[in-house]
Amino acid sequence: STIKAGHSDSGNGSGGCTLLLFYQYIEPVLDENEFQSLFNHIETTGEQYSICGRARVATEGVNCTLTGSYDNIRQWCKSLRSYAGAEVGGSGTETETGRKYFANTEFKLTDDLPLGQAFKNFHAFRVDEIVNYGLAGERAPAVSMSGVHLEPKDYHKKMTEDNTVIIDVRNHYEAAIGKFNPPMGGAQYIDPLMRKSTEFPVWLDKPETKKILKGKQVLMYCTGGIRCERASALLRTKIEHEEDTKQLGIKGVYQLQGGIDKYFREFPEGGWWKGKNYVFDKRFAHAPPVVENLERQQKSGEVLGKCGACHKPWDRYRGKKRCPTCGVPLLICKECHNADKQKTKKIDKNVKCDLCVKEGITSKRELRDKEKKEMAAYEKMLREKYGFKEINPKKSSSTGIHSSVTNKPMKKAKIVPNPNKITRLFIKNLNIREIDQPQLCELVEGITHIEWILDRNTKQWYGAVFVEVSTPENAAKAVGSIHKQKVYGRVVHCSFNKPDPKSIWPPPNTKI
């Protein structure tokens, strides 16, 4: 169900857990006092209602993927809806500002999911952007400039119109297993072939992109709607301020309100959708509800992706395999995964994601050089047209484009000796504004458990973790590749850490 502004949702859950997805941009942005008050409210009420999952909090807004009980999730939404903001007065006391940031927020709920799909703990952390586009601060286009928000029925109809393009604002590895497939004569589907969202501004500025958009209606979509907010605002800002973009004669910019998630609720049989929807929660991916039920009964369905090793149809990202060149999730089928695990048929470094294969990328250095070249041209455009200062790649962590795809260290990965076959690692000095569970899993291969170490006084995470990895080899690789290397602007320390025999390791609530 969806809880909209001015609506309530009541009833009794029939078991399992409830998943909550929502985002909210805030303009004007929060000052430091307002931010800290909101952050504290989210943390305190999250613990009060036993909420688990991830909350990205920035001065520009909030982006959450959470689980909890049927009643507690709804109570937490209610508390956020009524939160009126606070500022610290001269006496040190908090007073309400009257800014109800979440008065119109659309909370998307999915009830009765298996308890195994619930997150194990609650992690709220500060970030520069609630979606990392590399558009923080003065570079951020105003969300008020975002495209026309179309409800699923209107968007569905819009996809049938000619002289229209539909841009998939998600990463390519998401589009590889599912996407919109408008009817013949309708919108032209465009995959920008991105590995991460920070590549979108560069893609949008390419001459070949502008050629495709010329004289067209532009539709955008993503999983829940949040990525379209900045993406559509960026395009409309360029139309308004850049003469060459203005001359393209773009006939309107539109985005899917509520994203694929809401479209599935309106069109449970799928509509113009084909394949699976990649999600950043423990469902991993899912088809429209009617299709999902049929697939469960028939144990078959339409598969768009393929295994990177044997190339058979496959659409499940399992086993935490990643492309050795660019670091994005890698599609590996069950048979190939088991063969690799049993060492009867190893998956070597020649097995790459389809994007690296398509682009002929053979090494991390080659990819970095390609990205640096594209970013240099984009930075030059920003300086000339907007007067923005050049980002110093050594000081900035906002874009990630200046480093590798996952912002991993630059040195070549090596495996250090691990004679005691230890699989627990201690990692410290991580950037608390940038590192979350997905980022940490990109940084260290094969993580199975994470214990976020909290400050004893503030109860907030301060950049240190214990992690359990699946094999001693993964542990040795992690120490060899990230120890004393700069990640998101901080020199990280990573060491083997043998568990105390008297303690319980890993703790039951740390499994990912």
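The values are calculated or read from the model by the stated rules, or taken from the named source; none is laboratory data. Given the structure is predicted, the values throughout are model-derived calculations rather than measurements. Cβ coordinates were reconstructed from backbone atoms using ideal geometry, including for glycine residues, and neighbour counts include every protein chain displayed. For the accessible areas, the whole protein counts, side chains as well, though only heavy atoms, and no ligand, DNA or RNA atoms are used. Shrake-Rupley method; radii C 1.70, N 1.55, O 1.52, S 1.80 Å.
Taking all protein chains in place and a 1.4 Å probe, what share, in percent, of the accessible surface of region 173-306 do carbon and sulfur account for? Walk me through the numbers on the way to the answer.
On the way: 2800 of 5340 Å².
Exposed carbon and sulfur together represent 52 percent of the surface.
Size of the dipole of region 255-304 about the Cα centre, Lys and Arg at +1 and Asp and Glu at -1 on the beta carbon, nothing else charged, in debye to 20? If you can, show how the numbers build up before the last one.
Working: 8 positive and 7 negative charges, 30 e Å.
In total the dipole reaches around 140 debye.
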Cα-centre dipole for region 146-240 with unit charges at Cβ (Lys and Arg positive, Asp and Glu negative), debye to 20: 160
For C323, the accessible surface traced by a 1.4 Å probe with all protein chains present amounts, in square angstrom to the nearest 10, to 10
Once the convex hull of the C-alpha atoms of region 291-379 is built, how many Å³ does it hold per residue, rounded to a whole number? 128
Along the dipole axis of region 219-287 (charges at Cβ: +1 for Lys and Arg, -1 for Asp and Glu; origin at the Cα centre), the most positive-end residue among G252, T223, A233 is T223
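Which value, in Å², gives the accessible area per residue of the chain when a 1.4 Å probe is used on the protein heavy atoms? Write down the numbers at each step before the final one.
Numbers: 23970 Å² over 512 residues.
On a per-residue basis, the chain sits at 47 Å².
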Ordered by number, the trypsin sites (Lys or Arg not before Pro) in region 240-272 that occupy a DSSP loop and have at most 14 other Cβ atoms within 10 Å are K251
Rounded to the nearest 500, the 222 nm mean residue ellipticity computed for the chain from DSSP H runs (n ≥ 4, each -39500 (n - 2.57)) alone is -8500 deg cm²/dmol
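Compute, for the chain, the length of the dipole vector about the Cα centre, with Cβ point charges of +1 (Lys, Arg) and -1 (Asp, Glu) only. Units Debye, rounded to 20.
Working: 82 positive and 62 negative charges, 471 e Å.
Using only the charged Cβ atoms, the result is roughly 2260 debye.
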How big is the antiparallel share of DSSP beta bridges in the chain, given as a percent to the nearest 5? 70
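Please tell me the relative contact order of the chain in percent, rounded to the nearest whole number, where contacts are Cα pairs under 8 Å and at least six residues apart. Spell out each step's value before the answer.
Working: 989 pairs, mean separation 59.0, N = 512.
This gives 12 percent for the chain.
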³J(HN,Hα), Karplus 6.51/-1.76/1.60, whole Hz, each residue of region 52-62, x for Gly, Pro: 10, x, 10, 10, 8, 10, 9, 5, 8, x, 9
Under 5 Å between amide H atoms, partner at least 5 residues away or on a different chain: which partners does Y254 have, H built in plane at 1.01 Å? V148, V218, L219, M220
Please go through region 428-512 and write out the trypsin sites (Lys or Arg not before Pro) that DSSP classes as loop and that have at most 12 other C-beta atoms within 10 Å. R456, K459, K484, K502
